[in-house]
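The values are calculated or read from the model by the stated rules, or taken from the named source; none is laboratory data. What you see is a predicted model; the values in this text were computed from it and never measured. As a convention, Cβ positions derive from the backbone with ideal geometry for all residues, glycine included, and neighbour counts pool all protein chains shown. Surface accessibility is based on the protein's heavy atoms, side chains included, excluding ligands, DNA and RNA. Shrake-Rupley method; radii C 1.70, N 1.55, O 1.52, S 1.80 Å.
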Amino acid sequence: METRKIQQVSNGTFTVSLPRDWADSVGISAGTVVDLHTHIDGLLVIQPPESELDTVAAVEIQTECGDTAHLEQTLRAAYAAGPSEVVLAGSSEFTGSQKQVIRSVVRNLVGVTIVEESASHVVVRNVLDSTEVSVRQSIRQLQFVALSMHREATTALTSDAPAAGGADQDDRADRLYAMVERHFTRSLERLDEVDALGETRRELFRLHETARELERIADHAERIADVATAVDDPLGDPLAEDVSAVAQRARDAVESAVDAVFDDGSVEDAQSVLEARDDVFERVDTLERELFDAADAEYQYTHALDSIRRTAAHAGNVAERGLQTAICQNEPADVAVEFGGNEGIGSQRVGE
């Protein structure tokens, strides 16, 4: 990094000299006209003439015949990486299964369409304008989907109600998270993406982390629904009431944590979520002991309880992100904040 001193010329205009090596490398000399861009992040960027802004405009991917699993993974990864266009080139003609996978993936990604297709060549383009995207609204939708899935799955676990719509809802959650991840990744490469989204990069990072936790909560909701489908009989009272209550406590913690992130919550707001997380841990531990003592209880219920515990842990992860934001905003920290949690669960980032 180099530093330059701002100078003022006779008419009051501020000027600054450019590093000679950089100017030579991009073809700038005396009299060259450059573009100046101010950004929401507070940066001023100098764009040389005819420079290529879109570093991820298009990519071409060579695919092997018949490998559908690899093709799906690659196409999803390319979407998340942020290119505007993906060219899939087969080593030979695409099989029927490969074409079906490509169409299925495209249908399940936001803003993507197939614009060109031949026997061994498919062009997939993202047509969604970033100025039309609201990352915050997408995360709110993701929150609604994840908590609805969680609520329905818990109801199915503790009553005779069926666990309906789990797979479709999980696909919707994955679709929303993939879109947030894509635009976050593009914001790392392109300052115009940051401006189009209307969020600073620090805010986008915080929102992306929140979306990732919500996507994992949706996965745990699906796991609870799987348990509800697998067991022969629903939980009987009073265990059913206790499980419903602790699951609701975990969902409330998720909602409060996201609210704190969106509303620039206080240290106290984050602390209350962390306390709710620890309370869920303790109550789940008690329920697990009661299940082991119940002779007629099925062992699969412990998997559902573990997902409830991890739901609260993900809420704690979101709250910690909100806590960091509150501290960075120089809010007085009058509340003692503890990150420990039961058995160290809250002291680390929780995975799948």
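Things to note:
- Filter result for the condition that a residue is in contact with a strand residue (DSSP E or B) (Cβ under 9 Å, 6 or more places away or on another chain) and either at pLDDT 85 or above or β-branched (Val, Ile, Thr) (or both), over Ala77, Ala58, Ala30, Ala89: Ala89
- On inspection, Asp192 does not qualify as of a type in the set (Asp, Glu), open to solvent by 40 Å² or more (accessible area, probe 1.4 Å) and closer than 24 Å to His303 by Cα.
- Residue within segment 258-281 that is at positive phi, among the acidic types (Asp, Glu), open to solvent by 10 Å² or more (accessible area, probe 1.4 Å) and in contact (Cβ under 8 Å) with a residue 24 or more places away in the chain present: yes
- Checked against the criteria, Val231 does not count as among the β-branched types (Val, Ile, Thr), open to solvent by less than 40 Å² (accessible area, probe 1.4 Å), without any contact (Cβ under 8 Å) to a residue 60 or more places away in the chain and assigned by the TED database to the domain that holds Gln141.
- Residue in segment 210-226 that is more than 19 Å from Leu142 (Cα to Cα) and either buried (at least 21 other Cβ atoms within 10 Å of the Cβ) or charged (D, E, K, R) (or both) present: yes
- Enumeration of residues in segment 167-177 that are touching a residue at least 60 places away in the same chain (Cβ under 8 Å) and open to solvent by 20 Å² or more (accessible area, probe 1.4 Å): Asp171, Asp174, Arg175
- Across segment 1-50, the qualifying residues are those that are hydrophobic (A, V, I, L, M, F, W, C) and assigned to a helix (DSSP H, G or I), and the one among them that is nearest to Ser187 (Cα to Cα) is Trp22.
- Residue in segment 248-257 that is nearest to Leu305 (Cα to Cα), counting only those that are open to solvent by less than 20 Å² (accessible area, probe 1.4 Å) and either in contact with a Leu (Cβ under 8 Å, 6 or more places away or on another chain) or not in a helix (DSSP H, G or I) (or both): Arg251
- Residues of segment 89-105 that are more than 13 Å from Glu64 (Cα to Cα) and buried (at least 16 other Cβ atoms within 10 Å of the Cβ): Val101, Ile102, Val105.
- The listed residues are Glu85, Glu60, and the only one of them that is open to solvent by 50 Å² or more (accessible area, probe 1.4 Å) and either among the charged types (D, E, K, R) or outside the structural domain of His121 (by the TED database) (or both) turns out to be Glu60.
- All positions within segment 270-328 that are outside any helix (DSSP H, G or I) and closer than 18 Å to Glu213 by Cα: none
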